[in-house]
Amino acid sequence: MSTDVRIYEVGPRDGLQNEPLPVSTDVKLRFVELLGNAGLREIEATSFVSPRAVPQLADADDLLARLERRPGVRYPVLVPNQRGMSRALAAGADAIAVFTAASDEFSRHNIGMTIDESIVAFAPVVSSASARGMWTRGYVSAAFGCPYTGDVPESAVVGVAQRLLDIGVDELSIGDTIGVGGPRDVRRVVAALGEAGIGPDRLAMHFHDTRGTAAANVASSLELGVRCFDASTGGTGGCPYAPGAAGNLATEDLVYLLDREGLRHGVDLDGVLTAARFISQALGRPLASKVGQAGGWPK
Ligand code: HMG
Ligand code: MG
């Protein structure tokens, strides 16, 4: 199995979308710059969603237009519909992510559409992105549990994953939106996807660390052959439409874990810690991540 792992940074998007106090566009741009300095090569920059749904990211057009792109770095943005796609294109997006769920109830709360409706809405968005040579990702949220309906069967995850692949997304991100799953759930979900012909090479895993299981879930995913993980520098994050969700797995905690496993990822821990300190200071809170508090090892 490959020893190379992709770290997909979601700090500027997932990390900030649920913050109650406004964060300036300048601070966000500096954060993205520091993440690039740390060697991150995939940085989800913002969302072209309704500004009423996510006021914190209402500056998406300005932010993306002003963002200084580094060669070799991808800056995906969330797009929920054709309107979001037009805005993303006008601002110069190079990659997009559409987002649905394994639970109809969560999908309705989050994007005002059932799963079926979301696939219908995303199909033209993904095909127009692909026709322009843009990279595309499809999120499957609530894959390990739904804040409105409880447990989610793996068959629901497989069903929506297959439909996202059918409309042409390049990669799936399987989300534990509210951080309820453990390693056994990871094995169950990844095995069911595999049995349906969706191998670990098509997957990223997106763990919120609400109950402290994210690192164990990454370890379990690694053993199953998954080689892409979403994480948020500083451990920020949460979805406004997922009550009870806490921050994402912190990028610094992920980097440390991968380093200890001897896996290559191209990201510099000190650089991530610099970005983590910057954003936690901007948000006015101490760093919550374990490695943010303890530092790396050896010192
Ligand atoms: P809606 O209200 O059902 O639909 O929103 P609508 O078409 O009636 O639009 C309502 C208003 O929004 C209208 O404005 C539209 O013009 C406007 P009004 O006429 O009332 O002034 N609008 C837009 N404005 C700007 N950009 C757009 C856009 N679309 C409509 N693209 C909609 C449906 C999907 C727009 C809304 O529900 C929405 O934006 N939802 C986004 C929610 C969101 O961003 N959630 C967080 C991201 S998902 C997540 O965090 C999970 C993830 O991290 C993985 C995991 O953890 O599992 C990815
Ligand atoms: Mg998330």
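What follows draws every value from the coordinates through simple rules; no lab data is involved. As the structure is a computational prediction, the values presented were derived from the model and not from experiment. Because the Cβ atoms are built from the backbone with ideal geometry, glycine has one as well, and the counts that use them run over all protein chains shown.
Compare the peptides 203-213, 249-259, 53-63 by average per-residue count of other Cβ atoms within 10 angstrom and give them in order, highest first.
By packing density, highest mean first, the sequence is 249-259, 203-213, 53-63.
Which order, highest average first, do 184-196, 35-47 follow once you tally other Cβ atoms within 10 Å for each residue and take the mean per peptide?
35-47, 184-196
Suppose R0 equals 45 Å. What FRET efficiency, 1/(1 + (r/R0)^6) with r the Cβ-Cβ distance, do Gln82 and Glu195 give to the nearest 0.05?
Working: r = 34 Å, r/R0 = 0.76.
About 0.85, to the nearest 0.05.
At Thr149 and Glu105, where each label point lies 7 Å from the Cα along Cα→Cβ, what is the point-to-point distance in nanometres?
0.8
Taking only Cα atoms and a 10 Å spring cutoff, compute GNM fluctuations for the chain and point out the largest among Val157, Val27, Val169.
Top of the fluctuation ranking is Val27.
Could you identify which residue out of Pro20, Pro124, Pro183 has the top mean-square fluctuation in a GNM of the chain using Cα springs shorter than 10 Å?
Maximum fluctuation in the GNM of the chain, among the listed residues, is at Pro20.
With unit charges on the beta carbons (Lys and Arg positive, Asp and Glu negative) and the dipole taken about the Cα centre of the chain, which residue among Gly145, Ser155, Gly179 sits farthest to the positive side?
So the residue we want is Gly179.
Taking springs between alpha-carbon atoms closer than 10 angstrom, which of Gly168, Gly150, Gly238 fluctuates most in the Gaussian network model of the chain?
Gly150
What is the stretch 6-294's relative contact order, in percent, from Cα pairs under 8 angstrom and six or more apart in sequence?
20
By how many nm would the segment from Thr114 to Leu263 lengthen if fully extended, with 0.36 nm per residue of separation less the alpha-carbon distance?
Between Thr114 and Leu263, full extension yields an extra 49.8 nm.
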